[in-house]
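Each value in this text was obtained by applying a stated rule to the coordinates, not by laboratory testing. Remember, it's a predicted structure, so these values are computed and weren't measured experimentally. Cβ: placed from backbone, ideal geometry, glycine included. Neighbour counts: every protein chain shown.
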Amino acid sequence: MPQNLCLACMKPIDPGTHVCPHCGNVVPCLPNSQNSLQPGYTLGRFIIGKELGRGGYGITYIAYDTRLAVVRCIKEYFPKDCRRMPDMSPEIRPGKEREFQQFSDRFLQEARMMGAVSDKKGAHVTEVYDILKFHGDIPYILMEYLDGCTMDEYISQKRSGLPWQEARDILCDVLETLDIIHKQNILHRDISLSNIFRLKDGSIRLIDFGSAVNLNDALNQPGTLYPSSKRYYSPPEQVSNSQQGPWTDLYAVGACLFKLVAGGWPRQYEANKVFPTLKMYGFSVPDKLDAILTKATDPDPRKRYQSALAMRDDLAAVQEAPAGKTKEKKGKLPLILGIGGAVVAAAGILIFTMGGNKPDTNENMAVSAEIESVSDETLSKTESPAAEAESGLEQDEENTEAENIPETRESIEEITKQEPGSPALESL
Ligand SMILES: Nc1ncnc2c1ncn2[C@@H]1O[C@H](COP(=O)(O)OP(=O)(O)O)[C@@H](O)[C@H]1O
Ligand SMILES: [Mg+2]
């Protein structure tokens, strides 16, 4: 075992280091959560490090390959309700052997489906190197380690959505990848901001094929299309587990578009209704972007985009709004601040926080213009708390990754609670 590795990032550290200079983690790395392999545990030629995530069937760790001296990612098959045995294998409860084996097979499918698309040119998918077996027959997926965070974590840390142009570019990459995936007859079925990983160089990877299905298998073997859905991201046909296709993943891309730009969810979300437009929330985006959002999230699958490429082409074609419009409203904010006082100031801060726009671009002037017009409304609408409560943005309740960053999440919830002062919340 190499000496002095930080087990959180697997980078070398000097002896006696208390805080890793690379990742800021405490040294020695704190134990992983209950039931997972602990940092420093040796799995064949790999040293297990910090836990990166945990889902229904697997625990993901950073790992160090002592033979090749490289950092890797390992996902262990470990169903959520299992206990760890003294030999570190998951306990298979009596009578549950068949189920355990079925889920293990599905876990292997996850690796194979990732492998089937990751080597395709233009696919932004994590590279899979191998399926390893330890502790008897327990599978471990050996993957490329991605240095970065999920898009959900990214916008939580920023405490805002992204400029729409950035969201557009990210989702174009996602859609190009989905096109490749769909052409392999695979549906991902879990497209969400927690499964879009942002590397430090800004590029993205689609991760987590744990809910993916091969449509050929699904048609031939009834029951393969096991139920799997996530609030906000899953369209009605996925919730009811009826006929799913590329349009099902494309609905989720529409939902990603909303959250990437808005930084939250519409409070009045209803699974069988189209998403509200971003403009309704005061975000200054081109009409075409909102039209794409509306088409992608139509509850009727037939009215949605039918192919990832068609949606990608529409999205890629969305360009900046003419500069004239943004300049026009430039000077209004100070005036309104003078009139509206603290309420509008708070509203302005909030919309900047949620809008993901920096105040030094033309586009941001457009956002401040939206704030201004909404702020006007705010002043007249504050008498109607019921109307205020009817709109707004909320955070993703289903976002398990957010649990890793409680501070950020809490503060965002705090922001979203400030409904009365929020023009974004009142603009519907
Ligand atoms: N290749 C990877 N490199 C770095 N981190 C990863 C990698 N794959 C997954 N992760 C992290 O682990 C978390 C869980 O992985 P994921 O495949 O989404 O499984 P699940 O959601 O089923 O637990 C992700 O949200 C991400 O933070
Ligand atoms: Mg995941």
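Could you give the length gained on full extension between His18 and Asp169, defined as 0.36 nm per residue of separation minus the Cα-Cα distance, in nm?
Working: separation 151, 0.36 × 151 = 54.36 nm, distance 3.94 nm.
My answer for the length gained is 50.4 nm.
Let me make sure I get this right: for the stretch 42-144, a, b and c are the square roots of the gyration tensor eigenvalues over alpha carbons, sorted descending. Under 1.5 in a/c it's rounded, otherwise prolate if a/b > b/c, else oblate. Which is it? If you can, show how the numbers build up before the last one.
Working: a/c = 2.16, a/b = 1.32, b/c = 1.63.
Oblate, since a/c reaches 1.5 and b/c is not below a/b.
Distance between the modelled labels on Lys183 and Thr42, one decimal in nanometres: 4.6 nm (7 Å Cα→Cβ projection). Taking 7 Å steps out from each Cα toward its Cβ at Ser242 and Leu132 produces label points 4.6 nm apart.
Give the order of Val253, Val19, Val239, Val128 when sorted by the count of other beta carbons within 10 angstrom, beginning with the fewest.
Details: Val253 26, Val19 11, Val239 15, Val128 23.
Going from sparsest to densest Cβ surroundings: Val19, Val239, Val128, Val253.
A protection proxy built from the mean count of other Cβ atoms within 10 Å ranks the segments 94-105, 167-178, 136-147, 28-39, most packed first, as 167-178, 136-147, 28-39, 94-105. Remark: the stretch 42-144 carries a charge dipole of roughly 120 debye about the Cα centre, counting +1 on each Lys and Arg Cβ and -1 on each Asp and Glu Cβ.
What does the extension gain come out to for Gln34 and Ser89, with contour length at 0.36 nm per residue minus their alpha carbon separation?
Details: separation 55, 0.36 × 55 = 19.80 nm, distance 1.39 nm.
Contour length minus Cα-Cα distance gives 18.4 nm.
Cross-linked pairs Lys183/Lys230; Lys50/Lys230; Lys158/Lys183; Lys200/Lys259; Lys96/Lys120: Cα-Cα separations exceed 29 Å for Lys158/Lys183; Lys96/Lys120.
Ordering Ser211, Ser156 from the fewest to the most neighbouring beta carbons within 10 Å gives Ser211, Ser156.
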